[in-house]
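Reading through the structure tokens given below for one structure.
The values are calculated or read from the model by the stated rules, or taken from the named source; none is laboratory data. Note that the structure is predicted; figures quoted are calculated from it, not measured. Cβ placement follows ideal geometry from the backbone for every residue including glycine, while neighbour counts extend to all protein chains displayed. Ligands, DNA and RNA are stripped out before the accessible areas are found, and what is left, the full protein with its side chains, is counted by its heavy atoms. Shrake-Rupley method; radii C 1.70, N 1.55, O 1.52, S 1.80 Å.
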Amino acid sequence: MAQSKQDSPSGSLLIYCAIFVAALLAGFLYIGRTGFAQQIDNYFYDYCFRQYEPPKWNLSSIILAIDEKTLREFNGIRGDRRALAAGLEAVKDAHTRAVAIDVILSDPSPKGSPDDAILETALSHTHNLVLACDYNGRWEYPIPRFRRYAAAIGEVHTVPNDDAVSRGLQLIKRSPADNDERRALALEAYRVSRNTSILISPDDIQVGDVIIPAPYAFRYNMRIRYVPPSMGGIPKVSIADLVENPSLASKFEGKVVFAGMSAQDAVRDRWMTPYSDSMPLPGVEMHANIYETIANRLFLVDAPLTEVALVLLLVIAAGVIWRYTSGLTATLLSGVVIVLAHVFPYLLFTRRLIVPYMSEIVPTWLAIMAGASWQYLYVRRRLRRSEAERGRYQQAMHFVTHEMRTPLTAIQGSSELITRYPSMPDAKRKQINELIVSESKRLGRMIEVFLNVERLSAGQMELKHDVITVSELVESCYLRARPLAERKQISLVIEELPPEHVRGDRELMEYAFYNLLTNAIKYSPPETTVRVFGQVEDGRIRVAVQDQGIGMDQKEVRRIFEKFYRTRRAEQSGEAGTGIGLSIVEQIVTQHGGSIDVVSSPGKGSCFTLVVPAFVLPEDKTPQSKASA
Ligand code: ADP
């Protein structure tokens, strides 16, 4: 049997793949990139931070803090320069590796104040000093009297994420106003402390032998790996305590010092981190954490290629699962894929690779849902259709046996009559005999046609090559159909027919045409006319059967050659039918190299035209060949 287009496996595979590509694109490129999704990516990132703490840390920084106590003792915020100076003086003999000062020193202190002079002296004693510059439309540098002691100037202008959590920073920033480029304070502190230089390439930033994966494409962004709270954070010493107890200076031995404000109410720059629930981190601690990220080489790298590969893998897995398995197996395997989709980003995090969570799980979920829906809708529909076909097939078998029973009953009844009444008059006996013969022939013909069509469609039968005229074909069908038409008072009009011949299987061609004729009678109301007419066009014979019956709309016309299909109007007409006739007719006609044209309109009538190649008899050719000779 020919398969309809929507059932063809290649066709449906294409649609199936298209569904998954759509799920992939929608999830990966659209839903996964929305602001909402990015927010969840951030939550997930912070969650990984808290869940997984890298085991190997070797802290080499310390914070010299201007805390609440220091401010109290140094006359509040106005005394910060003196406090700073006191702190620096206290550690000047501690062999620090570098001292980075996270205090903006771009303005002189008020006239008459000795603070700047005191700080200047302290700075002049400080080895490997790194001062801070801020950005405010342009870089704001420390005033020259301080700046001249600096081994480097690093910038401290930090921009947090949209949700105010600081997850990374741009290691190199350029001021558009003067096109001046500055490196982050912590990066400069690292460089100066190691007495090395910085090499910037499009892919990374190299400082000494550390390669920081902060490519130009990501705007030199480096993710900060904060020292976990379980380690107690970065050690911190208050300047006030240090002044009180100078022995604390030993803690600064060999360390990189970050000096700055840590008093909660005085600090302007305080940042939320993936670790902080409510307590923000003062800027100076942030810089120390950035330094530790570099010093411990604990870099987290964005991995777009891994991300794409992973999403593809998960979506393909979903596709394969719902294509080749079903039911509980498919559900369980899908569950595994979903779990993997959720776990992969975390596992990658522990391997220091960052893939956005949502643009990976959304396409996976979409693909699983698409696969499940496809199976449910498509496969279930096919199942329902085949069940319906089976039902109709049973009906058809019922009909066939019923049809065959009519001639069989006539034959049985007649032979019984002859046996029971041996003295029956000859005339009567002859009549009954004739009936038996004609009914057996009819039965034989019916069986023959059904078997032939089955064999034909199974490709097991060769067509006979009878040569028949169109009028012969129409005539024999007309004689058989006339009683039906008379019963419904339908006038059956045969108009002019072409004299041409058709070559093919007489039995099957008659079956086909008879079907068209009886359908026209069946689906027409009483006292209407059924016309049969024909013509030859381009070497093809066209024989039409036109009725004034119930008709069909275009959608129905497209389906009437499907096996077992019947229109609603046909069902409601009360005429018995199986919807199998026309599918057989189409097969027969196609096997003869022909086709059927249908023009119909609901309530007005239909015209079925049988189109078959005309056959030219050899003797018809002869005169022409003679003429040309
Ligand atoms: P059936 O046994 O139902 O007549 P067929 O395969 O011969 O089966 O026809 C299929 C369907 O096509 C019919 O059920 C009917 O709905 C429609 N049909 C066929 N011929 C006509 C016609 N002349 N007018 C209206 N509908 C027709």
Beta bridges by DSSP in the range 92-212, antiparallel share as percent, to the nearest 5: 60
Sites matching trypsin sites (Lys or Arg not before Pro) across the range 200-267 that sit in DSSP coil, with at most 13 neighbouring C-beta atoms within 10 Å: ARG219
Net charge dipole size for the range 57-297 [Lys, Arg +1 and Asp, Glu -1 on Cβ; Debye, nearest 20]: 360
Furthest towards positive pole of dipole, HIS127, ILE560, VAL156, structure part the chain, Cβ charges: ILE560
Within the range 57-297, percent of DSSP bridges classed antiparallel, to nearest 5: 45
Computed log₁₀ I(q)/I(0) - Debye formula, equal Cα scatterers, no solvent, the range 463-621, q 0.09, 0.11, 0.12, 0.15 Å⁻¹: -0.27, -0.41, -0.49, -0.77
Whole-Hz ³J(HN,Hα) from phi, Karplus 6.51 cos²θ - 1.76 cosθ + 1.60, for the range 183-198, glycine and proline x: 9, 4, 3, 5, 5, 5, 4, 5, 4, 5, 5, 9, 6, 10, 10, 10
GluC sites (Glu not before Pro) lying in DSSP loop within the range 324-414, provided at most 15 other Cβ fall within 10 Å: none
Kirkwood-based Rg to Rh ratio, the range 57-297, C-alpha trace: 0.94
Net charge dipole size for the range 463-621 [Lys, Arg +1 and Asp, Glu -1 on Cβ; Debye, nearest 20]: 640
Taking the chain and dividing mean pair separation by its residue count, relative contact order in percent (alpha carbons under 8 Å, at least six apart): 12
The range 156-253: GluC sites (Glu not before Pro) falling in loop per DSSP and having at most 14 other Cβ within 10 Å: GLU253
Heavy atoms of GLU562: accessible area, 1.4 Å probe, square angstrom to 10: 80
The chain - convex hull of alpha carbons, volume per residue in Å³: 289
Simple Cβ-charge dipole of the chain, Lys/Arg +1 and Asp/Glu -1, about Cα centre, in debye nearest 20: 1200
Residue among ILE316, TRP365, ALA388 farthest towards the positive dipole end of the range 307-399, charges placed on Cβ: ALA388
Cβ-Cβ FRET estimate between GLN554 and VAL467, R0 fixed at 25 Å, reported to 0.05: 0.10
Percent antiparallel among DSSP beta bridges (both partners in the chain, rounded to 5): 60
Added length on full extension, which subtracts the Cα-Cα distance from 0.36 nm per residue, ASP203 to ILE40: 55.9 nm
Helix-only [θ]222 nm of the chain, DSSP H runs n ≥ 4, -39500 (n - 2.57) each, per residue, nearest 500: -15500 deg cm²/dmol
FRET efficiency estimate (nearest 0.05) - Cβ-Cβ, ARG148 to GLU181, R0 35 angstrom: 0.95
Accessible surface of the chain [probe 1.4 Å, protein heavy atoms]: carbon and sulfur percent: 55
For the range 137-190: relative contact order, % (alpha-carbon pairs under 8 angstrom, 6 or more apart): 40
Amide H partners (placed H, <5 Å) of VAL99, local residues excluded: LEU129, VAL130, VAL257
Pairwise Cα inverse-distance average, inverted: Kirkwood Rh of the range 62-158 (Å): 13.8
Solvent-accessible ranking of TYR216, TYR378, largest area first, probe 1.4 Å: TYR216, TYR378
Positive-end extreme of charge dipole, the chain - chosen from VAL437, LEU105, ALA184 (charges on Cβ): VAL437
